[in-house]
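> Before I ask anything, here is the structure I am working with.
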Amino acid sequence: MVKRIMGLILTGTMIMSLLACGKADTDTAKTTQSDSNSSISSSSEDASNSEGDVITFTFAEHVADIENQAPQVYAVVQEFMKQNPDIKIEMTGAAQDEHTQKIKLASQSDSLPDLFYSLKGDADALAEAGMLADLSEDILNDQEFVDGFLPGMLSVMEKDGAIYGLPAEIFCNGIWYNKALFDQCGLEIPVTYEDLMNCVKVFNENGIVPMARGTKDVWSSWSLMTMHCRYGFFDHIDGILSGTDKWLNDDYLRFYEKLQDMAEQGTFPDNASSIGYWEATEMFLGGQAAMFDSGAWDTKKFDESDLKDSIGFWWGPTFEDGVGNQEISMKAPSHPYCVSAKTKKEDPEKYQAIIKFLKFYYGPEGTEIIAAENQSVPVTRYEGEIDADKYPVFARVIERMNDDWESPDTCPNMKLPGQFETTYFESMVGVINGIYTPEEALQFLDDQTEAQGIINK
Amino acid sequence: MNMKANWKTILSRCVLFVITAVTAIPLLWLVVLSFKSDTDILNNPFSLPEHIDLANYERALDTLPLFKMFGNTLIVAVFALLISLVCTFMISYAITRLHFDHAKIPNGLYLLFVSGLTIPPYIVIFPTYRIIVALGLLGSRFSLILPLATTTMALGVLLMVGFLREFPSEIEEAAIIDGCNIYQMCTQVVLPIIKPVLATVIIFNVLYFWNEYPISSVLVNDTNMMTISLGASMFRGRYSMDYSGMIAATVIIIIPQLVFYVFFQKYIVEGMTAGAVKG
Amino acid sequence: MHWLSKKSTKIIMIMPAVILFTVFFLAPIFISVYYSFTDFSGIGAAKFIGFKNYQVLLKDKFFFIALKNTFIILIGITITILPLSFIVALLLEKPFRGSGVVQSMIFAPNVIAPILVGLIWLFILDPKMGMINAILRSIGLSDYQQQWIGGKTLTPYSVAFVYLWQVLGFYTTINMAGLRSIPADIYEAAEIDGANYFQRIRKITIPMMKNTIVINTILIITGGFKIFETVKQLTNGGPNHMSDVLVTYMYDTTFTSSRYGYGMAVATVSFVLCLIFSIIYLVNVGKSLEQKEG
């Protein structure tokens, strides 16, 4: 008898597993009927709302405390709701990695939020699985709207003529510098790599960390990617991803040798491998480091710090033995906001509300709120006034944004399949940490390309 | 005789002092850190703050809806604790006291439950989510209560079976001769005997529910149902961290836990065991 | 207990636990193992690829580094936690003024959010700004400075020490519960017979705590295999996976790199190893216990 029970249990387990694996669709019905306030599930309760006076849609962001950590988004949402009392936006947020997990889980149970932030790699997968709405009809017919975007912004989620998302922000990466420390050591802001190495030498002699970096957070390698662009990253990458070229090539090798050179000359802190991005930021803000690898997202923080009058922003060193145009900046689109395909299909009214919101966010009013009131670099053109006294750092960043240094269409890491980004970062960081020689690092990338099966993925 | 006793006491106090110091100093330092700013924390970690600045605590209290979170944790903890304790007790008793035709069955059950300890929670969160959705529980409190109750059963079974095995069953056999049934047996005879274990399991379970993170982060989507353990993640920005706020929040969260622990150990456990030993 | 052991009683007693366990534990594990045979990113469909993930695993340098680190930590914590928690429990057995406070101070590290455990110990162990090296510098022993974390070799040992700090109170509490269930009369009888303190410990306490020691060892083995947050906060498994342990490597592959199928293969191998160790231990202990009683 007990044996029979054991058998039943085992069978029950198998059935349960198959149940959970297989059925994703029929469950949303159950979920929405239950009394759930769950903000991730796209409840069809909302559909009934749209017949009433107010349309509600969910907007999931990738920070936990939206008001404080993504204030520009919060501000735009509030203003939009004020101007459109018949539309309500339910904002939810979670820390980046939690948010990514939730989106993945929601995709498995067909309960994606209506509007949400997504990493590009995940967004590509979602688009392929047919879970993202194609926004092209509603966007491309509005020429004024399209022209408002900075060049290249709309291509981030463009696939075969369809547009599956709009960039949440700009990847405006570069190197911050603390002019006061340069002046103190009698140095000019470097232009070439040789200038940079000279500064490194002088800073080390004076006990100042030349460039703050925390390799514990491998993804904080932004300006390194721009440097890689100056060594022909885009000339080889298509070939690599289709199997006709290798990571271990002469151009890339010269770049990785520069990484090794930088590390050996003491450009980075000694304890880089035990600190992360936060510690590096504070190292810079505390006046211990002369430079800092990061991007425009830190602008507001820097404008609120003691160093605001001496913090500047540059695109990084040019290389004598580089490949192609050396005056490369990074003004590429970042990860996108996407709309759930389910919403577009099942609730056209709600979908139109979302479109209306997006046109507001990326339109002149939204841009004004983002740039002027929250010192965040917008994805759209902004020609308004910036109070350089109140926001000196932001003013300098906008100056750079408006210069004539060309930017690639995408940031290198966004060109890679999502799963490979970390591997790419690890190869660069590995050279800096002294774990890999330049050849080993590139060979590692070739090996991983094969092991992870990403060719022609 | 007296000299020896004193010497031993002094030695034992010294050892305890050293161990407590090594354990406690990082904690006390955490409290010190809670009064400093982010930049200060990194650049001058060991210096004492110039003045006691409560800004971090204000920010922590502002960011976290503390009462709601405590309430949510409490609800989850109470239900999960009840379910877990009842199930664990019943199966531990069955494994150690009931007679099975094959000895392999209780051993097998024991191994099965103890093997629950080998699984790090991150492995199962995705499948658990799918199962919760399949059961239609997503968004209800039970989505969190049931998985958490299950994960604590492994430790509970390990402890209870261990202790029950140690206990000679004469008292229980006497009770049977006196003619009691299974229900009376469990509640009136066995339960009082295993009070030390029960108390220990309760403490560990409650504190586990308090601090559980991976499962909660995935199953709790509604801000109204956020538990205390998710509090720290409220301070994590996209690339930035509000460490000073996080530390202040943690100090606020730790204190009740320590109070609970002390209270439980001192009054309840000691009270219980005084009775048990006599019996 | 024959009298009580009716079929219906047995079923009622074991069913609730077994049902819950099956649904929320066994089923997820089956699903995870299933995924280890697929190529899955977390989104969309999972493509079945048979044993390919396991083939890649066998050639994966990082996996074996993680395995090695996990073992170093396991050995380190076993030889320290067992004796130390036993001693501390003995010292705290008889309550004295302030013993409650001491006990809760020793236990307190167990309840701090892991992210902050990492932060605290970062400031102690960091080679450049950490307390240990700072103290060594200030007393003139700069040559003895080490890369406690962030280097290639010492991180697992540091992690073991941090884990010890975290769980000492936990194991002490278990030991105290075990100590308390030893009836006082046995000690009294032994004292009358003339046994001194150490003899009492050896002949009475340790044998009667056999089950508790078994419990603790199982918890240490399984706990050691599961160490995650500490490593993540101290070094994030770095530099370049040099200080990864099994769970951090699994997390990295599954969530950070979105290679869910491969990550589940890593997870499956990890927990099978842990299971094997635990079962071997339990079976051996079971045998020796039976022999003693027999």
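> If you take the charge dipole of segment B:34-278 about its Cα centre, with +1 on Lys and Arg Cβ and -1 on Asp and Glu Cβ, which of B:S115, B:S169, B:L135 is farthest toward its positive end?
B:L135
> Would you grab the residues whose amide H sits under 5 Å from the one on A:T92? Only those 5+ places off in sequence or on another chain, please, with H modelled 1.01 Å from N.
A:F59, A:A60, A:E61
> Return P(r) of chain A (all Cα-Cα pairs; 20 Å bins starting at 0; whole %; ordered from short to long distances).
Final binned percentages: 22, 52, 23, 3, 0.
> Which order results if B:I202, B:I123, C:I174, B:I52 are arranged by neighbouring Cβ count within 10 Å, fewest first?
B:I52, B:I202, C:I174, B:I123
> Same structure again: Count the lysine pairs in segment C:60-258 whose Cα atoms sit under 30 Å apart, keeping only pairs 8 or more residues apart in sequence or on different chains.
Summing the qualifying lysine pairs gives 17.
> Mean shadow of segment B:6-156, computed from the convex hull of its alpha carbons, in nm²?
If you wrap the Cα atoms of segment B:6-156 in a convex hull and average its projections, you get 16.9 nm².
> Report Rg (one decimal) and Dmax (nearest whole number) for segment C:150-294, counting Cα atoms only, units Å.
In order Rg, Dmax, the Cα atoms of segment C:150-294 give 20.5, 67 Å.
> With a 10 Å cut-off between alpha carbons and a GNM built on chain C, which of C:M129, C:M176, C:M264 moves the most?
Answer for the Gaussian network model of chain C: C:M129.
> Averaged over A:118-130, how many beta carbons belonging to a partner chain fall within 10 Å of each residue's beta carbon?
Mean partner shielding for this stretch: 2.
> Which whole number gives the average, over all residues in B:178-189, of C-beta atoms from other chains lying within 10 Å of the residue C-beta?
Whole-number average of other-chain Cβ neighbours for B:178-189 is 2.
> Please list A:438-446, C:190-198, A:319-327 highest first by mean number of surrounding beta-carbon atoms within 10 Å per residue.
A:438-446, A:319-327, C:190-198
> Provide the per-residue ³J(HN,Hα) series for segment B:89-106, in order, calculated from phi with Karplus coefficients 6.51, -1.76, 1.60 and θ = phi - 60°, each as a whole number of Hz, with x at glycine and proline positions.
4, 4, 6, 5, 4, 4, 5, 9, 10, 7, 9, 10, 5, 10, 5, 5, 5, x
> Another question, then. Could you work out the mean count of beta carbons from other protein chains within 10 Å of each residue's beta carbon in C:168-174?
3
> When all alpha-carbon pairs of segment C:72-129 are counted, what percent fall beyond 13 Å?
Looking at segment C:72-129, the distances longer than 13 Å represent 73 percent of pairs.
> Right, next: With Cβ to Cβ distances under 15 Å as the rule, what net charge do the other residues near B:M69 carry (K, R +1; D, E -1)?
That sum, taken over residues with Cβ under 15 Å, equals -2.
> Hey, which of these cross-link pairs are over 20 Å Cα-Cα: B:K104/B:K195; A:K120/A:K415; A:K104/A:K356?
B:K104/B:K195; A:K104/A:K356
> Below 14 angstrom from the Cβ of A:W315, what's the summed charge of the other residues (Lys, Arg +1; Asp, Glu -1)?
Once positives and negatives cancel, what remains is -3.
> Using a simple charge model, +1 on the beta-carbon of Lys and Arg, -1 on the beta-carbon of Asp and Glu, nothing else, what dipole does the protein assembly as shown show about its Cα centre, in debye to the nearest 20?
The dipole of the protein assembly as shown has a size of about 6280 debye.
> Here's a follow-up. Long-range amide H contacts for A:F313: which residues qualify at under 5 Å (H placed 1.01 Å from N, peptide plane, sequence gap of 5 or more or a different chain)?
A:Y177
> I've got another one for you. Sketch the reach of a paramagnetic label on B:N181 as a point 7 Å from Cα along Cα-to-Cβ, and name the residues of segment B:51-93 whose backbone nitrogen lies under 16 Å away.
none
> Out of the DSSP beta bridges found with both residues in the protein assembly as shown, what percent are antiparallel (nearest 5)?
Percentage antiparallel, nearest 5: 60.
> Now a separate question. I'd like to know which of A:Y362, A:V393, A:A133 lies farthest towards the positive end of the charge dipole of chain A, counting +1 on Cβ of Lys and Arg and -1 on Cβ of Asp and Glu.
So the residue furthest toward the plus end is A:A133.
> Ranking B:L82, A:L253, B:L16, A:L132 by Cβ neighbours within 10 Å, fewest first, what do you get?
Going from sparsest to densest Cβ surroundings: B:L82, A:L253, B:L16, A:L132.
> Using amide H atoms built 1.01 Å from N in the peptide plane, name the residues 5+ places from A:K159, or on other chains, whose amide H lies under 5 Å from its own.
A:Y164
> I would also like to ask the following. Once Lys and Arg get +1 and Asp and Glu get -1 on their Cβ, which of B:F260, A:M157, A:P348 lies farthest toward the positive end of the dipole of the protein assembly as shown?
After comparing all options, I get B:F260.
> Quick one: putting +1 on the C-beta of Lys and Arg, -1 on the C-beta of Asp and Glu, what dipole do you get for segment C:63-151 around its Cα centre, in Debye to the nearest 20?
Dipole of segment C:63-151, to the nearest 20 debye: 80 debye.
> Still on this structure, I have one more. How large is the Kirkwood hydrodynamic radius of segment C:83-217, counting all unique pairs of alpha carbons, in Å?
Value: 17.6 Å, from the Cα pair sum.
> A follow-up question, please. Testing the spin-label approximation: label points 7 Å from Cα along Cα→Cβ at A:D389 and A:Q184. State their distance in nm.
Rounded to a tenth, the inter-label distance reads 2.8 nm.
> Right, another one. Need one number: convex hull volume per residue for chain C, Cα atoms only, in Å³.
213 Å³
> Need the full-extension length gain, A:E373 to A:R254, defined as separation in residues times 0.36 nm minus the C-alpha distance. One decimal, nm.
38.5 nm
> Going by how many other Cβ atoms sit within 10 Å of their own, how do C:W165, A:W405 line up, fewest first?
Ascending number of Cβ neighbours within 10 Å: A:W405, C:W165.
> Could you list log10 I(q)/I(0) for the protein assembly as shown at q = 0.08 Å⁻¹, which the Debye formula gives when each Cα is one point scatterer?
Evaluating at q = 0.08 Å⁻¹ gives log10 I(q)/I(0) of -0.85.
> How large is ³J(HN,Hα) for each residue in segment A:269-276, as worked out from phi by the Karplus curve 6.51 cos²θ - 1.76 cosθ + 1.60 (θ = phi - 60°), to whole Hz, x for Gly and Pro?
x, 4, 9, 3, 7, 10, 10, x
> Roughly how big is chain A's charge dipole about its Cα centre, with Cβ charges of +1 (Lys, Arg) and -1 (Asp, Glu), in debye to the nearest 20?
1460 debye
> On a C-alpha basis, how far is the centre of segment B:42-109 from the centre of segment A:432-457 in Å? Whole number, if you could?
Between the Cα centres of segment B:42-109 and segment A:432-457 lies a distance of 42 Å.
> Roughly how many whole Å is it from the C-alpha centroid of segment C:218-269 to that of segment C:122-194?
Segment C:218-269 and segment C:122-194 have Cα centres spaced 23 Å from each other.
> Each residue of segment B:211-216 in turn: what ³J(HN,Hα) in whole Hz from Karplus with 6.51, -1.76, 1.60 and θ = phi - 60°, glycine and Pro shown as x?
Result, rounded to whole Hz: 9, 5, 10, x, 5, 4.
> Once you sort the root eigenvalues of the Cα gyration tensor of segment C:1-141 as a ≥ b ≥ c, which label holds: rounded (a/c under 1.5), prolate (a/b larger than b/c) or oblate (the other case)?
Oblate shape, in that a/c is at least 1.5 and b/c is the bigger or equal ratio.
> What is the Rg over Rh value, at two decimals, for segment B:34-278, using alpha-carbon atoms and the Kirkwood definition of Rh?
For segment B:34-278, the value is 1.07.
All of the numbers you see were taken from the coordinates with simple rules; none came from a lab. Quick caveat: nothing in here was measured; it's all calculated off a predicted structure. We place every Cβ from the backbone using ideal geometry, glycine too, and count neighbours over all the protein chains shown.
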